[in-house]
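Nothing in this text is a laboratory measurement; each read-out follows from the coordinates by a stated rule. Only a predicted model underlies this, so the values are computations on that prediction, with no experimental measurement involved. When we count neighbours, we look across all protein chains shown, and the Cβ atoms used for this are built from the backbone with ideal geometry, even at glycine.
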Amino acid sequence: MQKKLEKPRVVILGAGFGGLTAAKAMAEFANVTLVDRHNFQTFLPLLYQVSTAGLAADHVAHPVRGALRKTGVAFRMGSPISVDHKNKTIKLDSSETLEFDHLVVALGSVTADFGVPGVNEHALGMKSVHEAITIRAEVMRRFEDLCRFEDETVFSIAVVGGGPTGVEMAGAFAELVRGPLKNDQAHAAAHIEIHLIEAGARLLPSFSESLSARTKRDLEKLGVIVHLDTAVAQIKSRVIEIKDGASIPAQVIIWAAGVQGEPTAALLNLPLVNSRIDVEHSLQVKNYPYVWAIGDIAGIKGKDGRLLPMVAPVALQQGKFVAQQIRRVSETKPLLPFAYRDKGSMATIGRHKAIVEVKGFKFAGIPAWYAWLFLHLFYLLGGRNKIGTVADWTWNYLTFDRGNRHIMDSM
């Protein structure tokens, strides 16, 4: 009688798109423990809507234990502080030590300041629910100041970074000002400026030039002041210094210029490349065949020789793939190389304004907007979150209002 193989012990660090996908995919054939410093997963693609009062904060967060229910996957809330490669154990800040046969690192990314002075001190990032609520509160607090004074004081919001996050946020702020805030107090809303600052020659550089140009036109129609070829030299309190010597006043500065690998990865004594963990095409970490890296933290190159983008589709595909790879190891089958299937990109600028590009096929406007809504709703975790998001979106659409204009950062 053939002896039954023992299930491999797998520890996964990070419950983002990649880590949670991998955990579910391995539940059948492995003893999996998922570790994250939060007990919820944040749906990052919609986080900007919390910042701009379009969604309630709890609609973009889903409890990890709820997502793992009936899977058999164990969950531990904590952060890794050290790894013992000799004994294959990892220590958490909760003082618990976990043993593993395979370690999957899916720690994600953090805001990258690119060495620009003042970013950490004077700008707000966009990587957590707390940051999103802080941004919303700061904007609404300044709006209340304008309502109180009713003079010619101008309140400026500056979004640094012309990628999808920056574009979507600038457009959402413009619609917040033109709709709900104008209805609340027209004089105050008329004195709010929104700046979008991009160091490159065009917005959304990963899209075609025609869609980039359309995005710029759509934003400007909404009243956004777009600054191209504008590299930030330094951020000070309430002002952005530009490398050409100019300056842009801004009371609220949002840094959406880029991300880098989560620094916690450095504690694991693993090789790094550009802040990301250096991996083979099998997704195994170089020189550590029992350690795997997926998602934003994984430094793997695509066909063009460049590191794969830090976006959700990459993490989702790698989460499923690493589960297959670990199963192949347990069955003593040869490993396969990971190949990213780019299914296209999309971004929304505002109501009925969005762009989609899939393998050379481009479309924009209302069809793209509905495609964007459907896809994001599809990937959002939790039935309650889906219903709540649909309710918020429907209310916003029908009434031109946003009911989440709360100042809650200090509560």
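Modelled spin labels at L398 and S247, positioned 7 Å past Cα toward Cβ, are 4.8 nm from each other. Result for the chain in a Gaussian network model with C-alpha springs under 10 Å: among I248, I197, I235, the largest mean-square fluctuation is at I248.
Less than 5 angstrom separates the built amide H of A354 from those of I349, G365, W369, all sequence-distant by 5 or more or on a different chain.
With a Förster radius of 22 Å applied to the beta-carbon distance between R238 and D409, the computed FRET efficiency rounds to 0.75.
For segment 160-248, what value does the Rg/Rh ratio take when both radii are computed over Cα atoms and Rh is the Kirkwood radius, given to two decimals? Each step should come with its number before you reach the end.
Numbers: Rg = 13.8 Å, Rh = 13.8 Å.
Here Rg/Rh amounts to 1.00.
The alpha-carbon atoms of the chain, seen along their principal axes, cover 84, 45, 44 angstrom, with the largest extent given first.
Computed from backbone phi, the HN-Hα couplings of segment 331-337 come to 9, 6, 9, x, 7, 10, x Hz, rounded to whole numbers (Karplus: 6.51 cos²θ - 1.76 cosθ + 1.60, θ = phi - 60°; Gly and Pro given as x). A simple rule links phi to the HN-Hα coupling: the Karplus curve 6.51 cos²θ - 1.76 cosθ + 1.60 with θ = phi - 60°, which for segment 138-145 gives 5, 5, 5, 5, 5, 4, 5, 4 Hz, with x for Gly and Pro. Straight-distance candidates among the aspartates and glutamates for linking to K86, with alpha-carbon spacing under 19 Å and chain neighbours fewer than 8 residues away dropped: E96, E99, D101. From least to most packed, judged by other beta carbons within 10 angstrom and beginning with the fewest, W292, W372, W393 follow the order W393, W372, W292.
Modelled spin-label separation between V390 and R217, with each label point placed 7 Å from Cα along the Cα-to-Cβ direction: 3.5 nm.
Descending by average beta-carbon neighbour count within 10 Å, the peptides 48-54, 73-79 line up as 48-54, 73-79, the highest first. For L283, list long-range residues whose amide hydrogen, built 1.01 Å from N in the peptide plane, is under 5 Å from its own amide hydrogen. Answer set, sorted by chain and number: F338. For segment 80-130, the list of GluC sites (Glu not before Pro) that fall in a loop by DSSP and count at most 13 other C-beta atoms within 10 angstrom reads E96. Between amide H atoms placed 1.01 Å from N, distances below 5 Å from A123 occur with no residue 5 or more places distant or on a separate chain.
Residues in segment 186-193 carry Karplus couplings, in order, of 4, 5, 5, 4, 5, 10, 10, 10 Hz; the curve used is 6.51 cos²θ - 1.76 cosθ + 1.60 with θ = phi - 60°, and Gly or Pro positions show x. In this simple spin-label approximation, E99 and E121 carry label points 7 Å from Cα along the Cα→Cβ vector, and these lie 5.0 nm apart. Positive end of the dipole of the chain (Cβ unit charges, origin at the Cα centre): among V273, W255, A30, the Cα lying farthest that way belongs to A30. When the chain is treated as a GNM with alpha-carbon contacts under 10 Å, the residue of R136, R178, R328 showing the greatest mean-square fluctuation is R328.
If you wrap a convex hull around the Cα atoms of segment 294-405, how much volume per residue is inside, in Å³? Could the numbers behind the result be given before it?
Details: hull volume 16.8 nm³, N = 112.
So the per-residue hull volume is 150 Å³.
Applying the Kirkwood pairwise sum to the alpha-carbon positions of segment 69-176 produces a hydrodynamic radius of 18.4 angstrom.
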